[in-house]
Amino acid sequence: MNWSNWIYLGVGIALGMVFRQLFVRSSKVSSSSSPVAPLDQQDMPPISQQLQQTQLAYQMAREMSQFKAGFLARTSHELRSPLNGLIGLHQLILSDLCEDPAEEREFIAQAQERTLKLLKLMDEILSVARTEHGTNKLNIQPRPLAEILEEVHNLTYMLAANRNFPLQLSPADPEIYVLADYLWLRQILISLIDTAITQMEEGSICISTSTLATNNFVNIWLDIPTHAIPWSEPIDLIKSEDHLTQIEQKKAALSPGMRLLINQTLVEVMGGKLEILTSTIAKELPQQLTRLQISIPLVIPEADLL
């Protein structure tokens with residue numbers, strides 16, 4: 001072999017060693033980076049969180065659907081009772097069961113009266129539905145809470161006194177302002193107190209307030225006897241039989257459970273919440289009392305925002 005062949009042989013051996021080292025390094029790098037599972041595991045928490053959020057959104061949508069179905073069922077039940085009365089009166093007239101024209105005219109007058117009351121009920125329910133939908137705009141403005149409660153107390157005090165039920169009002173802080181529609185909030189409080197008075201057999205009603213420094217809401221508390229709470233009816237009211245008395249049918253008024261549901265809807269439209277707290281939740285309550293808690297957005301002073 002001449003010297004040129006030795007040079008080619010040395011260059012070949014050198015290149016082989018270089019390629020061998022490069023191959024070993026690349027295999028080490030590939031072996032160290034081959035397990036991709038840890039990256040996927042790092043991506044798992046966000047995916048799991050998104051799945052939980054999706055499940056929560058589904059549950060909330062399902063509960064809202066059930067709430068709407070319950071509202072529709074209760075509304076149908078409320079309108080079904082006076083309609084049954086109207087149908088009964090017309091059947092008497094059409095079956096010629098009236099003794100004379102005077103009695104027939106009396107039945108027609110009763111049917112006319114119940115029709116007007118039914119129309120009033122429908123207007124009341126439609127007003128709430130339009131408010132919830134946004135057709136009827138709310139006039140939400142900062143209002144002093146103490147002024148609202150004082151006016152509500154003055155409008156309901158005599159109603160409670162006429163039935164010998166004490167109505168107590170704990171004065172609220174005059175510096176507390178709430179964001180609400182003044183007329184609707186006043187009407188909601190009056191409706192809740194009036195419904196409680198009509199359902200009460202004995203006891204008293206206490207109106208008080210509570211605020212938390214860490215919460216942007218003020219709580220209005222109505223402590224009333226437990227037996228006066230208008231517990232809402234089941235959703236399948238359409239299937240239930242009409243159990244209203246003749247007096248309730250003649251009045252053609254919304255049931256206490258329906259009024260509670262309407263008030264709850266109106267409070268939610270104003271950005272608040274209406275809850276029923278029993279003595280097991282509110283430990284300071286006696287067992288014979290139940291608390292209606294209305295949470296209304298609180299006006300935060302500008303100094304606290306800085």
Verdict on Ile125 being in contact (Cβ under 8 Å) with a residue 60 or more places away in the chain and within 26 Å of the chain's Cα centre (by Cα) = yes
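For the stretch 247-259, indicate whether the set of residues that are surrounded by fewer than 16 Cβ atoms within 10 Å (Cβ to Cβ) and at pLDDT 85 or above is non-empty.
No, that holds for no residue.
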Only one of these is within 26 Å of Ile300 (Cα to Cα) and either open to solvent by 40 Å² or more (accessible area, probe 1.4 Å) or touching a Pro at 6+ places or on another chain (Cβ under 6 Å) (or both): Arg186, Arg130. Name it.
-> Arg186
Residue hits (the stretch 261-296; open to solvent by less than 20 Å² (accessible area, probe 1.4 Å), touching a strand residue (DSSP E or B) at 6+ places or on another chain (Cβ under 8 Å), part of a helix (DSSP H, G or I) and at pLDDT below 90) are Asn263
Has the stretch 213-228 got at least one residue that is over 20 Å from the mean Cα position of the chain (by Cα), farther than 13 Å from Gln288 by Cβ and not aromatic (Phe, Trp, Tyr)?
-> yes
Out of Leu126, Leu121, Leu169, Leu192, report the one residue that is in contact with a Leu (Cβ under 7 Å, 6 or more places away or on another chain) and over 19 Å from Ile294 (Cβ atoms).
-> Leu121
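The values are calculated or read from the model by the stated rules, or taken from the named source; none is laboratory data. Everything numeric here is computed off the predicted structure, so don't read it as measured data. Here the Cβ is made from the backbone with ideal geometry for all residues, glycine too, and neighbour counts use every protein chain on show. Please note that ligands, DNA and RNA were not included when accessible areas were found on the heavy atoms of the full protein model with its side chains. Shrake-Rupley method; radii C 1.70, N 1.55, O 1.52, S 1.80 Å.
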